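Presented below is the structure to which this report refers.
The values are calculated or read from the model by the stated rules, or taken from the named source; none is laboratory data. Since this is a predicted model, take the numbers as computed values, not measurements. All Cβ positions, even for glycine, are placed from backbone atoms using ideal geometry, and neighbour counts span all protein chains on display.
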Amino acid sequence: MQIPYSVFGPILRTLFERAFIKGLHSPNERPAAIEWEKRLLKTWDLLLPCQNPNCPSHWFILHDHANVQCSFCGTKQKGTIPILRLRSERRPGQWTLDGELAVYNDLYLFKWHAFDNVFSGEEADKTPQAYCVFYQGKWLLINQNITSLTSPNGNPVAPSPQPGQPGSAIELKDGVQFRLSQEPHGRMVEVQIINR
């Protein structure tokens, strides 16, 4: 089966073009290894499980919010999908979009999602900080280990009282904004619901 490089989404598409079109005969145009690593990690955050049990890939990269379907088997996905638009405070009061996270049931969030100065490389702490679930018709973000997660109205959202137990939750509704952490480098999240 031939698969076009565009199925890997816009984040990687530009690197493929720089490496294999512009850079084919111009090595200086080719992206550096660190660019590949950073963009692969951002693309990883856009992976969704395919709902077709017979899909050869089982996962696909979300790259078209208006037409959510698996690039490998063509199955249109059913149900709403929250997108967590991650923002970093580059200057006081100015929040810049610096990543997106496609949500599915039992998705874990890690420190590199909550803080803009944590890199998700091999040495990163892989302790889950929160997780997302679809429960009783609602998408929820359940706090596990984030000490200063705040709700959209600014109230603290308590972490788990005991290891392995769920903490308090935030309902993921379209347009909702909240802080993953009040600590330095803590990110803000804006929720976008797609596939309604």
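Computed values, structure above
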| item | result |
| --- | --- |
| Within the range 58-79, tally of residues that are surrounded by 16 or more Cβ atoms within 10 Å (Cβ to Cβ) and not in a strand (DSSP E or B) | 8 |
| Identity of the residue in the range 1-57, of a type in the set (D, E, K, R) and outside any helix (DSSP H, G or I), that ends up modelled with the highest pLDDT | Asp45 |
| Wholly within the range 96-154, strands (runs of 3 or more DSSP E) carrying at least 1 residues that are basic (Lys, Arg) and not assigned by TED's automatic domain parsing to the domain that holds Gly9 | 138-143 |
| Gln94 being without any contact (Cβ under 8 Å) to a residue 24 or more places away in the chain and surrounded by 13 or more Cβ atoms within 10 Å (Cβ to Cβ) | no |
| Pick from the range 175-196, criterion free of Cβ contacts under 8 Å to residues at least 40 places away in the same chain and under 16 Å from Val103 (Cβ atoms), ranking: surrounded by the fewest Cβ atoms within 10 Å (Cβ to Cβ) | Gly175 |
| Residue selected from the range 163-184 under the condition in contact with a helix residue (DSSP H, G or I) (Cβ under 9 Å, 6 or more places away or on another chain) and not hydrophobic (A, V, I, L, M, F, W, C), by the criterion farthest from Leu107 (Cα to Cα) | Glu183 |
| The range 32-56, residues that are surrounded by fewer than 16 Cβ atoms within 10 Å (Cβ to Cβ) and more than 19 Å from the chain's Cα centre (by Cα) | Ala32, Ala33, Ile34, Pro53, Asn54, Pro56 |
| Answer residue from the range 167-189, given it is outside any loop (DSSP other than H, G, I, E, B) and more than 16 Å from the chain's Cα centre (by Cα) and is nearest to Pro128 (Cα to Cα) among those | Ala169 |
